[in-house]
Amino acid sequence: MTLNKPLNFLLPEDLASQMGERARARRLAANLTRKTLAERSGVPASTIRKFESTGIISLVGVLQLADALGCMDDFSKLFPSKVAVTIDEFVAPVRMRGRK
């Protein structure tokens, strides 16, 4: 069995913290204060401060900041559709769960 992607040893909390740090770096590179970014994004400056230092923020808040910082396109890659690799996967019926 071969691996098609590199292994990731980050915990979700570590990744969230790194996202906050990168958002801060992006904000500073754009020469924006937290107040200015708050006005552009609709996310309170206190929430931006918390996100940049801890990585904690709502998904909607992250998307609002990403939009204001010009990073929204990157989120379209977050949950990609699975691509069929074998003919069996291609022709197999898709099982849907949920209410009728």
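Selection within the stretch 35-49: residues that are of a type outside the set (A, V, I, L, M) and crowded, with 18+ Cβ neighbours inside 10 Å. The member of this set that is nearest to ALA68 (Cα to Cα) is SER41. Residues that are at pLDDT below 95 and in contact with an Asp or Glu (Cβ under 9 Å, 6 or more places away or on another chain) within the stretch 46-82 comprise just one, LYS82. For the stretch 52-79: of the residues being in a loop (DSSP other than H, G, I, E, B) and among the β-branched types (Val, Ile, Thr), which is surrounded by the most Cβ atoms within 10 Å (Cβ to Cβ)? Checking each candidate, the answer is ILE57.
The residues in the stretch 25-44 that are free of Cβ contacts under 8 Å to residues at least 12 places away in the same chain and part of a helix (DSSP H, G or I) can be counted, and the count is 7. Could you check the stretch 21-34 and list, in sequence order, the residues that are under 16 Å from the mean Cα position of the chain (by Cα), small (Gly, Ala, Ser) and over 10 Å from LEU65 (Cβ atoms)? Residue satisfying the conditions is ALA25 alone.
The values are calculated or read from the model by the stated rules, or taken from the named source; none is laboratory data. Values in this document were obtained by computation on a predicted structure and should not be read as measured data. Here Cβ is always computed from backbone atoms with ideal geometry, including for glycine, and neighbour counts include all displayed protein chains.
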